[in-house]
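Below is one structure; the comments refer to it alone.
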Amino acid sequence: MDHPLPVPDALIRPWRTAAYIAAAIAFAELLLLIAIGGGALMGALSDRLQLAAQERALAPAPQAKPIARRPAPAPVAKVPRSRTVVMVLNGNGRAGAAAAAASRVQSRGYKVGTVGNALRQVSRSLVMYKPGFAGEGKRLGKDLGVKLVGPLDGMRVGALGRAHVVFILVS
């Protein structure tokens, strides 16, 4: 049966209006609970952060640990003793010292290239090596008991000729 006059929708379905009102109230309660819970959490969090900041201020500064580095691997000799050519130089000014040192080098199994006098006096016996022959230089230094081993210093590579290593004797 149709009504002769148009009736508003709220009068026909009153439950729909009540549902909208209940949903709006529930949504407002939810927002209120979220705000109250967030405020409580923020208060507790700020207290905890303040306490942590005070503890950090009172704690001693941490000591920096030294970085542990692996030692560089020792250079390995690439050329056998019998093929390593050594230049023997006399750095002490005594006659015949270079020849005696050359025989000592040969007795260890090395080839002796040039035997002569050093251009200048040095304070200690030393072994110098060409670039790329660090292993051979360290091996010769160990064989002869020489502690001072390093790359060429004050000598040109071309001055060595075919020698790989230079032994300068002082003693």
Classify the stretch 97-137: rounded, prolate or oblate, from the alpha-carbon gyration tensor (a ≥ b ≥ c, eigenvalue square roots; a/c under 1.5 rounded; otherwise prolate if a/b is larger than b/c)? oblate
Flagged as over-length at 24 Å C-alpha distance, from Lys65/Lys147; Lys111/Lys142; Lys78/Lys130, the pairs are Lys65/Lys147
Quick one: length gained pulling Val79 to Arg56 fully straight, 0.36 nm per residue minus the C-alpha distance? 2.3 nm
Could you work out [θ]222 nm for the chain from helices alone, using -39500 (n - 2.57) per DSSP H run of at least four and dividing by all its residues? Round to the nearest 500 deg cm²/dmol. -14000 deg cm²/dmol
For the stretch 101-171: rounded, prolate or oblate by the Cα gyration tensor [a/c cutoff 1.5]: rounded
Note, Arg83: beta-carbon cut-off 12 Å, +1 each Lys/Arg, -1 each Asp/Glu, net +3
Please compute the per residue accessible area over the stretch 1-148 with all protein chains in place, 1.4 Å probe, rounded to a whole number of Å². 78
Need one word for the chain: rounded, prolate or oblate. Basis is the Cα gyration tensor (sqrt eigenvalues a ≥ b ≥ c); a/c below 1.5 gives rounded, then a/b vs b/c decides. prolate
Candidates Arg108, Arg70, Arg48: whichever shows maximal mean-square fluctuation once the chain is modelled as a Gaussian network with Cα springs under 10 Å: Arg48
Work out how much length Val157 to Ser46 would gain on full extension: take 0.36 nm times their residue separation and subtract the Cα-Cα distance, in nm to one decimal. 32.9 nm
In the neighbourhood of Ala100 defined by beta carbon distances under 14 Å, the net charge of the other residues (Lys, Arg +1; Asp, Glu -1) is +3
Kindly sort Thr84, Thr17 by accessible area of their heavy atoms, largest first, with the probe set to 1.4 Å. Thr17, Thr84
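Tell me, what % of the accessible area of the chain is carbon and sulfur with a 1.4 angstrom probe?
Ligands and nucleic acids excluded, carbon and sulfur reach 63 percent.
The values are calculated or read from the model by the stated rules, or taken from the named source; none is laboratory data. This one's a predicted model, so the numbers in the text were calculated from it and none came from an experiment. Backbone-built Cβ (ideal geometry, glycine too); neighbour counts: all protein chains shown. In case anyone asks, the SASA skips ligands and DNA or RNA and just uses the protein heavy atoms, side chains included. Shrake-Rupley method; radii C 1.70, N 1.55, O 1.52, S 1.80 Å.
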